[in-house]
Amino acid sequence: MSATAVPATRFKHANLKVLLGNDLPPSPPATEDLSSNSTDSAYISDGEPVTIPLPPPSNIATAVLDLDKATPDSHVPRDHRLIRLTGVHPFNVEPPLNDLFENGFLTPPELFFVRNHGPVPQICEQDVANWDFSIEGLVERPMMVSLKQLISEFEQITIPATLVCAGNRRKEQNQVRKSNGFSWGPSGLSTALFTGVLMSQVLQRARPTRRAKFVCMEGCDKLPNGSYGTSIRLSLAMDPAKGVMLAHMMNGEQLTLDHGLPLRVVVPGQIGGRSVKWLRRLILTDTPSENWYHIFDNRVLPTSVSPEEASNNHSWWKDERYVIKDLNVNSAIARPAHNEKVSAKETDTYVAKGYAYAGGGRRVSRVEVSLDKGRTWRLADIDYPEDLYRDADDYIIYNSRLDMGWRDTCFCWCFWSIDIPIVDLKNASDIVVRAMDEAMNLQPKDMYWSVLGMMNNPWFRVVIHAEG
Ligand code: MTE
């Protein structure tokens with residue numbers, strides 16, 4: 001049976017007209033309107049119908065919170081549930097783990113974690129309509145590309161991707177020894193369907209020269225040390241299986257101010273710090289970015305380097321070996337919560353649950369749970385909602401379009417769960433989880449402390465109190 005795409009049309013690119021006015025030429029394929037249902041059906045290529053869960057319509061607060069009114073972010077509407085980790089400003093927030101987890105695979109933009117190094121740029125509707133960015137450096141044809149061109153002249157794709165801050169779970173490091181970073185809990189990550197254009201397609205138009213090895217990316221935020229910028233390898237950007245893209249929509253709607261309106265980079269499988277927001281410049285170079293934030297942020301220095309040593313000796317920061325690229329394998333427990341009183345009476349089994357992710361497009365291949373501090377382990381079940389999106393033969397999802405074949409890279413978190421007999425739980429004082437990816441990278445037992453407290457991924461542990 002031939003495949004028929006049934007539309008998931010909050011992604012209908014008619015939305016782009018709202019974004020940029022009516023002068024856009026028709027974008028690739030448009031379909032009829034989506035009802036307010038949060039699911040839609042599509043067909044995989046063997047004709048079996050599958051359901052693609054779509055995000056519920058965004059519920060973002062329309063008003064600016066009182067808290068933000070006296071800050072440089074007084075133009076940014078936000079959700080009060082987000083937990084502020086660096087005081088009121090700058091805005092660095094994670095959702096409560098329970099809210100994040102209960103929302104399921106896709107995180108609504110208003111609950112999506114935010115990492116802003118400074119004020120959110122003032123961007124009005126007209127700025128959006130006139131937005132452009134440069135492609136410069138080691139290219140044969142330096143150029144400006146407008147957002148309108150990006151939308152009308154390039155193929156639009158949608159990719160589910162989990163962004164993870166390199167500081168996710170840093171709180172645990174700070175409890176052992178204070179690092180130079182603020183205390184993220186385990187919710188410094190979120191997932192969305194990002195719509196935009198593969199970066200490789202845009203770069204090809206500018207024709208990178210043979211000397212080009214890196215893509216430096218720069219936003220337009222005004223920070224104490226210039227605009228935020230960083231770089232990735234050109235080979236990564238040019239590999240369509242890795243999904244590096246320039247995104248202008250998130251969960252089928254225009255990006256929000258906090259998440260880079262109107263244009264951001266999304267680098268699936270690498271730390272969130274590479275996904276530059278409010279994008280203004282792509283610069284091809286033969287050396288990595290020299291932007292202050294590329295050098296002094298998002299690195300794992302050797303564990304022997306103290307905060308004092310790191311601030312006195314800048315050569316530590318300039319050593320490319322310490323740059324973080326791919327995410328490492330990680331997991332957390334969402335149920336039970338830390339210190340939860342678990343009622344031993346309620347049923348004869350208790351369902352423990354959580355999330356896991358891996359980096360570099362690798363898949364989480366196993367999740368294990370221990371009730372005896374790692375002496376013995378039991379296998380958890382893993383659910384990979386991303387597969388539904390990958391398998392859907394629907395134009396909105398970037399799947400089998402690769403010239404060289406099927407995209408088998410994984411860009412998203414997955415969920416694990418395990419039924420634990422209550423009798424076993426009664427004898428336990430804590431639950432520990434660890435994940436392994438398909439390259440058999442395993443979460444370590446011990447923490448690797450470093451001065452920025454990044455990439456913290458030892459076994460995740462919650463204390464429990466069995467009652468009854
Ligand atoms: N881009 C700009 N222009 N300014 C920033 O402060 N923060 C980076 C990245 N891109 C940042 C940025 C970091 S460290 C992370 S983890 C991600 O954005 C967070 O993306 P989010 O705020 O949309 O969740």
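Going by C-beta contacts inside 10 Å, put TRP377, TRP459, TRP278 in order with the fewest on the left.
TRP377, TRP459, TRP278
Where Lys and Arg each count +1 and Asp and Glu each count -1, what net charge lies around GLY87 among other residues with Cβ under 13 Å from its Cβ?
-1
When the Karplus curve 6.51 cos²θ - 1.76 cosθ + 1.60 is applied with θ = phi - 60°, which whole-Hz ³J(HN,Hα) does each residue of the range 353-362 get, with x for Gly and Pro?
Listing the rounded values in order: 9, x, 10, 8, 8, 9, x, x, x, 7 Hz.
What residues qualify as long-range amide H neighbours of ASP430, i.e. H under 5 Å apart, gap of 5 or more or another chain, H built at 1.01 Å from N?
For ASP430, whose amide H was placed from the backbone, the distant partners under 5 Å are ILE464.
How would you rank TYR293, TYR384, TYR228, going from fewest to most other Cβ atoms within 10 Å of each one's own Cβ?
Values: TYR293 21, TYR384 17, TYR228 24.
Ranking TYR293, TYR384, TYR228 by Cβ neighbours within 10 Å, fewest first, gives TYR384, TYR293, TYR228.
Starting at the first residue of the range 429-438, write each ³J(HN,Hα) from the Karplus equation 6.51 cos²θ - 1.76 cosθ + 1.60 with θ = phi - 60°, in whole Hz, x for Gly and Pro.
Running phi through 6.51 cos²θ - 1.76 cosθ + 1.60 with θ = phi - 60° gives 10, 8, 10, 10, 10, 8, 10, 10, 9, 5 Hz.
For the range 238-250, just list the computed ³J(HN,Hα) in residue order, Karplus coefficients 6.51, -1.76 and 1.60, θ = phi - 60°, integers in Hz, with x standing in for Gly and Pro.
Once rounded to whole Hz, the list reads 8, 8, x, 5, 8, x, 5, 9, 9, 10, 10, 9, 9.
What residues qualify as long-range amide H neighbours of VAL451, i.e. H under 5 Å apart, gap of 5 or more or another chain, H built at 1.01 Å from N?
LEU301
How do ILE418, ILE232 rank when sorted from fewest to most other Cβ atoms within 10 Å of their own Cβ?
ILE418, ILE232
Using modelled backbone amide H atoms (1.01 Å from N, in-plane), which distant-in-sequence or interchain residues come within less than 5 Å of ARG362's amide H?
CYS410
Counting pairs of Cα atoms in the range 330-467, how many percent are more than 18 Å apart?
Working: 5617 of 9453 pairs.
For the range 330-467, the share of Cα pairs beyond 18 Å comes to 59 percent.
Values in this text are rule-based calculations from the coordinates and carry no lab data. Just so it is clear, the model here is predicted, and its values are computed rather than measured. Virtual Cβ from ideal backbone geometry, glycine too; neighbours counted across all protein chains shown.
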